[in-house]
Structure formats: C-alpha cells, structure tokens
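> Sharing a structure, written as structure tokens. Questions coming.
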Amino acid sequence: MSHAPRRPGRHFLQIPGPTPIPERILAAMSRQVLDHRGPDFQQLGLRVLANVKSLFKTKNHVIIYPSSGTGAWEAAFVNTLSPGDHVLMVETGQFALLWKVMAERMGLIPDVIPTDWRIGAEAHLIGEKLAADKAHKIKAVCVVHNETSTGCRAHIDEVRKAMDSAGHPALLMVDTISSLGVMDLRHDEWGIDVTVSGSQKGMMLPPGLSFTAVSEKALAASKTAKLPRAFWQWDDMISNNANGFFPYTPATSLLYGLDVAIDMLNEEGLDNVFARHERLAEATRRAVKAWGLDIWCRDPKYYSAAVTTVAMPEGHNADTFRKLVLDTFDMSLGTGLNKLAGKAFRIGHLGDTNELTVMGALSGVEMSLEIARIPHKKGGAAAAMSYLAVAMAAPEKKLAAE
Ligand SMILES: *Cc1c(COP(=O)(O)O)cnc(C)c1O
C-alpha cells in the first residue's frame, strides 16, 4: 500500500477529458445493476435513446456503444464505407491524426489537408478539394469539431456550406468527442451524416460510452458499404433500440448516469451551457495573454471553448511545469500531445466547471509560473476575474466585451 500524504480539498482535474463528474451523476450511477433484458431497463433505454437526441439536435437515431469515442470513429467508417474509398481529412492535430491512422488501418485512402496544428479545419480548403474531385472519388469528409490537442475548433456550418457549394455528395462525418455539451452542434440543420462523440468530456460522465448520430443518407450508405463489421453493426443496434434494448450487454451503470447528465444539460439550457463555456474560455485566454504567454491556436476565429492550449516559453519544459503544478497544488493540467510534447500544456475548462473552478485553476497556474521562475507578467488571474465580474454582473455585456 502506498502512503502518499493526504491532499486536502478537491483535486483540480483541469484536463480536457475525462472531466470531473457532478455528485448528482455519481449518485445516480451508484446503484445495483439491473437485468438489461427486463422491463426496468427497457424504460431507461427508451428514455436515454430518445433524450440524447436533444444534445445532437437531431430527430434521427443516436447509437450508444459501450466504448470510448475511438470505437464510434471505427463504427462511422465500417458502416458507411468500402475498402479503397477516399476520405478527405484535415490534420488539425493529434486527434485528427489518430483518426487518419485508423482510416489507413481500415483500408481507406485518406486525402489529407495538412495544417501547422495551430488552426481548426478551414472550410474553404475543404471546398477547394471537393470542387477538384470531379469524379467524386471522395466518399466522406471527416472533420474534428474541437481539436482537443491544440485548442482549435472548426466551424461545421461553414464546412457544410463549402460542401454544398462544391456540389459534392460525400458524407460529412464530425468528431464531437470534446465538443458535445460544450459548443453548439446541429446534426440535422448542418447536414451532418455521422456525428461521433464520447461520454467523458463535455458530458460529465466517466469514460465508457460513445454516441453516434446518423443521418438518413448515412443509413442508406450502410446498406451498400463493404468494410467488414460485426460489433459495430448499426442495423443490430437500431433494431434492438426500437424497444429500448441493445444487441449485447449495454453499460447499464453509465446509462443511469447518462440519463441524469442529459437532464442536467437541458435544465441549465443548452444555450446557457454554451455561453458558460465561451465565458470560461475567454477568461482563460485573457489570463494567458496577461501573462504574456502565447495561446497555441493562432487565429481567434478558431479558439476552442473547451480547452486552451498554452505555448511554453522557449527553454522551459511544459511537462516539468505540469509536474510542479501537480505536486504543489494538486492540479492536473493536460499534457502536450505528439508535436506539442514538452512545448505546450492545456487548461481544460469544459464539463462541470464554473467561474470559481476556472479561477482556482488560473490562480494555480499563475502561482506555479512564479515558483517555476518562468518568465511571465503578473496579473493573469486578475484579468480573468475582471472579465468574469463584468460578464456575470450583466451576461449581455459579455458579448460586447469580447
Ligand atoms: C478524446 C478525444 C478522442 C478520443 O476519444 P476516446 O474516448 O479516448 O477514444 C477523439 N477525438 C477527440 C477530439 C477527442 O477529444
């Protein structure tokens, strides 16, 4: 047994997923498991399958797998595509890269639009690629809504418009694993064909559930798609789900939590949820700028509401800094992934987070910058407080101040 010294108070889990779980959700999940073929489960199944649609703003089916988000990525491919199909992808960062690697492993051919990993997917570049694809070899466009490694978002409505202007029939697949319940998402209105998401980020749940919203067009594609699939077969899910059941054992305890998570987001109101995340993100960015540090995302148009990736000043290692923060203040910050390893750290401000938790996090970062003797200006936390005070006194002023 380890005898680590007691750490009083709450651990600050400020990584961009998994995120802290509200007490109400923890309580809902700590119940006995139930017969997943019985009547009580059926009620739960019918309810969560119906209610989860509100989060995607869809009337279509949402599939819930007992898997992490990566499973839903795979399901999106194997249900709609055939070996050798081209998929257009934008390499915005580590998660887009992993999705591309998966496409290759599945026998698909990714056509990749590169970036410098400091911007979100740009709709006009997607439009140009599609316009040039006269033969319609590209079968799907895959976009990461919120690139969790870099703190850059994509504007999915613009991507849709670019696809329509190009008159291209490719399916639109969107990864919303770290944006569902954080930033607006309109599966139906934006003409998304497959929206994939996960439980452990904006949804405030433990890891272990993935979500897939599918369009009629995606369902039609699944009738002719030839990639092999078994566990991920949408058809089996959809036919069983019609009665509230699942083709194999669902993650029953997580579904109790999901039931409450959906309620909590709708009780707050999705627009308020999104506004809160934008506010906390803006406060965080004001702190970073006041410290004189660089926000990794280089174009404000693409700033993420879920996470702020902060560039470490030359000559300082971000992971050494993160260790100091953890040891000193019991706070976990996100590590720099892949190309950003050692060069950047990430402040998660998504999920069950509010003004004071973000202020706590920013205070911890500011004190740690001082302890680590990292060149910076003081007053970042104060700048965030000033912003939040105005925003909270009169929420409508928030927009003017931005
Ligand atoms: C976390 C994340 C993933 C991976 O999800 P898992 O649940 O770890 O499989 C994929 N894409 C994005 C954008 C993410 O944030």
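> Along Cα→Cβ, 7 Å out, is where each label goes; now give me the distance between the ones at N354 and K223 in nm to one decimal.
5.1
> Separate question: Determine the sum of side-chain charges near I109: Lys and Arg each +1, Asp and Glu each -1, restricted to other residues whose C-beta is under 14 angstrom from that of I109.
So the environment of I109 carries a net charge of +1.
> Right, next: Using the basic label-point model (7 angstrom from Cα toward the beta carbon), what is the Q42 to K137 distance in nanometres?
5.2
> Let me ask something additional. Taking all protein chains in place and a 1.4 Å probe, what share, in percent, of the accessible surface of region 262-402 do carbon and sulfur account for?
Carbon and sulfur atoms account for 55 percent of the accessible area of region 262-402.
> Round to the nearest 10 and give me the degree value, 0 to 90, for the angle of helix 380-393's Cα axis relative to the longest principal axis of the chain.
Taking Cα atoms only, the helix is inclined about 60 degrees.
> What GluC sites (Glu not before Pro) does region 82-128 have in DSSP loop regions with at most 16 other beta carbons within 10 Å?
Taking region 82-128 and a limit of 16 other Cβ atoms within 10 Å, no loop GluC sites (Glu not before Pro) are found.
> Pick out, in residue order, every one of the GluC sites (Glu not before Pro) in region 295-379 that is DSSP loop and has at most 14 other C-beta atoms within 10 Å; say none if there are none.
When the GluC sites (Glu not before Pro) of region 295-379 are filtered for loop state and at most 14 Cβ neighbours within 10 Å, E314 remain.
> By a straight-distance test (C-alpha under 26 Å), which lysines pair with K57 as possible cross-link partners, with residues fewer than eight away in the same chain excluded?
Partners found: K139, K161, K201, K217, K223, K301, K398.
> Once the Cα atoms of helix 252-268 and of the chain are each reduced to a long axis, what angle between those two axes, in degrees from 0 to 90 to the nearest 10, is obtained?
Compared with the principal axis, the helix lies near 70 degrees.
> With each label point set 7 Å from Cα along the Cα-Cβ vector, what nm distance links R373 and V101?
3.8
> Continuing with the same structure: Calculate, for the chain, the solvent-accessible area per residue in square angstrom, rolling a 1.4 angstrom probe over the heavy atoms of the protein chains.
Using a 1.4 Å probe on heavy atoms only, each residue of the chain averages 41 Å².
> Which residues in region 242-259 have a backbone N closer than 20 Å to a point placed 7 Å from the Cα of Q233 along the Cα-to-Cβ line?
So the set is 242-251.
> What is the Cα centroid distance between region 58-73 and region 156-175, reported in whole angstrom?
Measuring centre to centre over Cα atoms gives 21 Å.
> Could you calculate the FRET efficiency of A393 with T249 from 1/(1 + (r/R0)^6), where r is the beta carbon distance between them and R0 is 35 Å, rounded to 0.05?
Using R0 = 35 Å, I get an efficiency of 0.10.
> So which chymotrypsin sites (Phe, Trp or Tyr not before Pro) in region 231-277 are both in a DSSP loop and have at most 16 other Cβ atoms within 10 Å of their Cβ?
F231, Y248
> Would you mind calculating the relative contact order of region 202-315 from Cα pairs under 8 angstrom and at least 6 residues apart, reporting the percent as a whole number?
The normalised contact order for region 202-315 reaches 21 percent.
> Continuing with this model, one more query. Using a Debye calculation, one point per C-alpha and no hydration shell, please list log10 I(q)/I(0) for region 23-266 at q = 0.08, 0.15 Å⁻¹ in order.
-0.29, -0.99
> Here is a follow-up. Taking 8 Å as the Cα distance limit and 6 or more residues as the minimum spacing, I'd like the relative contact order of region 23-266 as a percentage.
Worked out over region 23-266, it gives 31 percent.
> I need the peptides 322-332, 380-390 ranked by packing, meaning the mean over residues of other C-beta atoms within 10 angstrom, with the highest value on top.
Averaged packing, sorted descending, gives the order 380-390, 322-332.
> Still on this structure, please answer the following. Count the net charge of all other residues whose Cβ sits under 13 Å from the Cβ of L350, scoring Lys and Arg as +1 and Asp and Glu as -1.
Computed value for this residue: +3.
The values are calculated or read from the model by the stated rules, or taken from the named source; none is laboratory data. Computed from a prediction, not measured in an experiment: that's the story for all the values here. Neighbour counts are summed over all protein chains in view; Cβ atoms, including those assigned to glycine, are modelled from backbone coordinates with ideal geometry. With ligands, DNA and RNA removed, areas are computed over all heavy atoms of the protein, side chains included. Shrake-Rupley method; radii C 1.70, N 1.55, O 1.52, S 1.80 Å.
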